[in-house]
There are 2 protein chains.
Amino acid sequence: MDERSLLLLGILMVQSQHGYQINEFIEKNLGRVTDMKKSTAYATLDRLCEAGDVYMHAEQEGNRPFRKVYSITQRGTTHFFELLRFNLAKADKMNFSSDIGMMFLDHLPYEEFFPLLNERLVKLHKQIELFESTPPHGYGLGVDLAMEHHLVHLKADYHWLASVISRLQATQAK
Amino acid sequence: MDERSLLLLGILMVQSQHGYQINEFIEKNLGRVTDMKKSTAYATLDRLCEAGDVYMHAEQEGNRPFRKVYSITQRGTTHFFELLRFNLAKADKMNFSSDIGMMFLDHLPYEEFFPLLNERLVKLHKQIELFESTPPHGYGLGVDLAMEHHLVHLKADYHWLASVISRLQATQAK
DNA sequence: TATAACATGTAACAAGTTACATGATTTC
DNA sequence: GAAATCATGTAACTTGTTACATGTTATA
């Protein structure tokens, strides 16, 4: 919703782009930061257009498929800064869907939940490796910080889970 | 969706309860773990009923408003364990809406973003304090672990943000 | 000549939220 | 007698996803 708009407006703050281009940029570079899908982006761009935050004009080079090029308007720029300020001052509400399962851990015997948690630990480890093997984009300080933020939480999650597993193991050993 | 069902089934694994009771339990004790709203719970209970995971019977004590008491069925129990195993083995996909804003930090001058990030830091601090001032529930190992998990991420977020602020300050000072 | 990449969308669906509606009973 | 608590919902809306539809051009 608001974050989707902020994302699109922010991308258009750099330069005018057409929808496909925007979607590609998101897919290739921001897959970790957002999960917005293409059709959502197209629809949101439409909404921003209607709201006057963004201005669209069609372009066509030769016989290539036509494109809708979006540019941010003055109004959109103002809106962007509003959304940005709000977003930066806001503390994320974090809720982790895995906490739901965690709460009911007690219903499974050790032999059951131990391999399950280990499976999760391995998945987290792979995500971290993937992250660390990817070089920084160089799209600017902000983007790098966002990536760093993500990594911090991945690692926190990993270490916590590892500690849970070893504590549970210790309890079991008694 | 699946987590909502898991949550409700898990609550009913302990004992049969009526909707209001379930909602109250969630509101009072699990507000940190889930953001499910009352009407969603009622609707989900209906769906679980239709699916045969849960069995409903109406009760009325004297003249008090009637209640729908839900009990988990054999099928529901099986389903609960399926959902639980899947949930425990799963790594959360984490995306933080605040990362969107972070990415565009560069668009604001230091004098602007510094107080905004500080405002966020204060909010995080308050959340952590609130968390730590609340005694553990004693609803079991799993619930305590889920709370601990939440706190771990809050603290990771806090420390990261503090480090970002001091690094940005250092850059600025040059 | 097939298929990947370019470029846009729509329609149907699913999930969840908000705000409202209802009505009894206990408490102040 | 008013307000809070008990107990349930429904209808309208928002948001987002999935899967499909369309047609061109470069590449293998």
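Sort out which residues of the stretch A:16-75 are assigned to a strand (DSSP E or B) and either more than 9 Å from DNA strand C (Cβ to nearest atom) or under 14 Å from the mean Cα position of the chain (by Cα) (or both), and write them in order of number.
A:V54, A:Y55, A:H57, A:S71, A:I72
How many residues are away from DNA strand D (no atom under 12 Å from the Cβ), in contact with a Leu (Cβ under 9 Å, 6 or more places away or on another chain) and not hydrophobic (A, V, I, L, M, F, W, C) if we restrict to the stretch A:33-53?
1
B:N95 passes all but one of (1) assigned to a helix (DSSP H, G or I); (2) away from DNA strand C (no atom under 15 Å from the Cβ); (3) within 14 Å of chain A (Cβ to nearest Cβ); which number fails?
Going through the list (1) assigned to a helix (DSSP H, G or I); (2) away from DNA strand C (no atom under 15 Å from the Cβ); (3) within 14 Å of chain A (Cβ to nearest Cβ), B:N95 breaks only (1).
Kindly check whether there is at least one residue in the stretch B:154-167 that is under 16 Å from the mean Cα position of the chain (by Cα) and outside the structural domain of B:L12 (by TED's automatic domain parsing).
Yes, there is a match, as at least one residue in the stretch B:154-167 is under 16 Å from the mean Cα position of the chain (by Cα) and outside the structural domain of B:L12 (by TED's automatic domain parsing).
For the stretch B:145-156, give me the residue count where each residue is closer than 16 Å to A:A146 by Cβ and more than 7 Å from chain A (Cβ to nearest Cβ).
Residues in the stretch B:145-156 being closer than 16 Å to A:A146 by Cβ and more than 7 Å from chain A (Cβ to nearest Cβ): 0 in total.
Here's the yes/no breakdown for (1) surrounded by fewer than 21 Cβ atoms within 10 Å (Cβ to Cβ); (2) within 23 Å of the chain's Cα centre (by Cα); (3) assigned to a helix (DSSP H, G or I):
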{"position": "B:T77", "(1), (2), (3)": "yes, yes, yes"}
{"position": "B:I100", "(1), (2), (3)": "no, yes, yes"}
{"position": "B:E111", "(1), (2), (3)": "yes, no, yes"}
{"position": "B:N118", "(1), (2), (3)": "yes, no, yes"}
{"position": "B:K123", "(1), (2), (3)": "yes, yes, yes"}
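If you check B:R85, B:R47, B:R64, which single one turns out to be in the same structural domain as B:Q15 (by TED's automatic domain parsing) and modelled with pLDDT of 95 or more?
B:R85
From the list B:D53, B:D35, B:D46, pick out the single residue that is within 14 Å of chain A (Cβ to nearest Cβ) and of a type in the set (D, E).
B:D35
The values are calculated or read from the model by the stated rules, or taken from the named source; none is laboratory data. It should be emphasised that the depicted structure is a prediction, and the values quoted were computed from it without experimental measurement. Quick reminder, even Gly has a Cβ in these numbers, built from the backbone with ideal geometry, and neighbours come from all protein chains shown.
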